[in-house]
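Derivation of every value follows stated rules applied to the coordinates shown; laboratory data play no part. Because the structure is a prediction, the values reported are computed rather than measured. Positions of Cβ are generated from backbone atoms using ideal geometry, with glycine treated the same way; all protein chains shown enter the neighbour counts.
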Amino acid sequence: MLSENNVLKSILRKIKEKGELNEELIEELRTIFPDKIEKTIEILSKGIIQYTFFPSGRKVWVAIGSKNIHHLIYPNIYCDCFDFYKNVVIKKKSDLCKHILAHRIALSLNDYEEISFNDDEFAKFIEQFKFES
């Protein structure tokens, strides 16, 4: 997984330098994430959102997944999706899920939506990510 991360960093630098995710770079990503790249591109097309709360400056990242389900992302650390739980936490097959990969690409492209809220709206906002038991 360490070499996977180094290759990804190199590809992300190229994406940033070129300012686009072209077919050549998609093929490079496909070599290290063959089972994730198509879904990652789909997530990128739906969007990555950075919610910023003021005046605290707290940031919450969200990826829009299939069926317009929003997935909470802690950049490079955690995603609340099943793919992360299954393949990162349990099986340890990878260091990231398709949503975190999409987030990293979106950052390299500087291509994400920014939405602002007041701090007093944070509790109501974050409530949508709680799971029923």
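Which of the listed residues, T31, I90, F53, is farthest toward the dipole's positive end in segment 10-90, when Lys, Arg count +1 and Asp, Glu count -1 at the beta-carbon?
Towards the positive end, the residue furthest out is F53.
What net charge do the residues around A123 carry, taking every other residue with its C-beta under 15 Å from that of A123, with Lys and Arg at +1 and Asp and Glu at -1?
Neighbourhood net charge equals -1.
For the chain, what's the relative contact order in percent, using C-alpha pairs closer than 8 Å and at least 6 residues apart?
28
Taking the chain as a Gaussian network, Cα atoms linked when under 10 Å apart, which of N87, N22, N76 shows the biggest mean-square fluctuation?
Result: N22 has the largest fluctuation of those listed.
Among the lysines, which fall within straight-line cross-link reach of K86, defined as a Cα-Cα distance under 20 Å, with same-chain neighbours fewer than 8 residues apart omitted?
Once the sequence-local lysines are set aside, what remains near K86 is K36, K39, K67, K98, K130.
If R0 is 25 Å, what FRET efficiency do you get for F117 and E27 from their C-beta distance, rounded to 0.05?
0.05
So which of K46/K92; K18/K124; K16/K93 end up more than 31 Å apart, counting from Cα to Cα?
K18/K124
Let me see the pair-distance distribution of segment 1-126: every alpha carbon pair, 10 Å bin width, integer percents in order.
With 10 Å bins starting at 0, P(r) equals 13, 43, 33, 11, 1.
Give the separation of the Cα centroids, segment 77-110 to segment 3-24, in Å.
When both Cα centres are located, 16 Å separates them.
At 0.36 nm per residue, and after removing the present C-alpha to C-alpha distance, how many nm does the segment from I90 to L72 gain when stretched out fully?
Full extension from I90 to L72 adds 4.6 nm.
Restricting to DSSP loop positions (anything but H, G, I, E, B) with no more than 13 other Cβ atoms inside 10 Å of their own Cβ, which GluC sites (Glu not before Pro) remain in segment 9-80?
E20
What spacing in nm lies between the two simple spin-label points modelled at E42 and S56, each 7 Å away from Cα in the Cβ direction?
For the pair E42/S56, the computed spacing is 3.4 nm.
Taking N as the number of residues in segment 1-65, what is its alpha-carbon radius of gyration divided by 2.2 N^0.38 Å?
For segment 1-65, the normalised Cα radius of gyration comes out at 1.33.
Segment 42-81: percent of C-alpha pairs farther apart than 16 Å?
36
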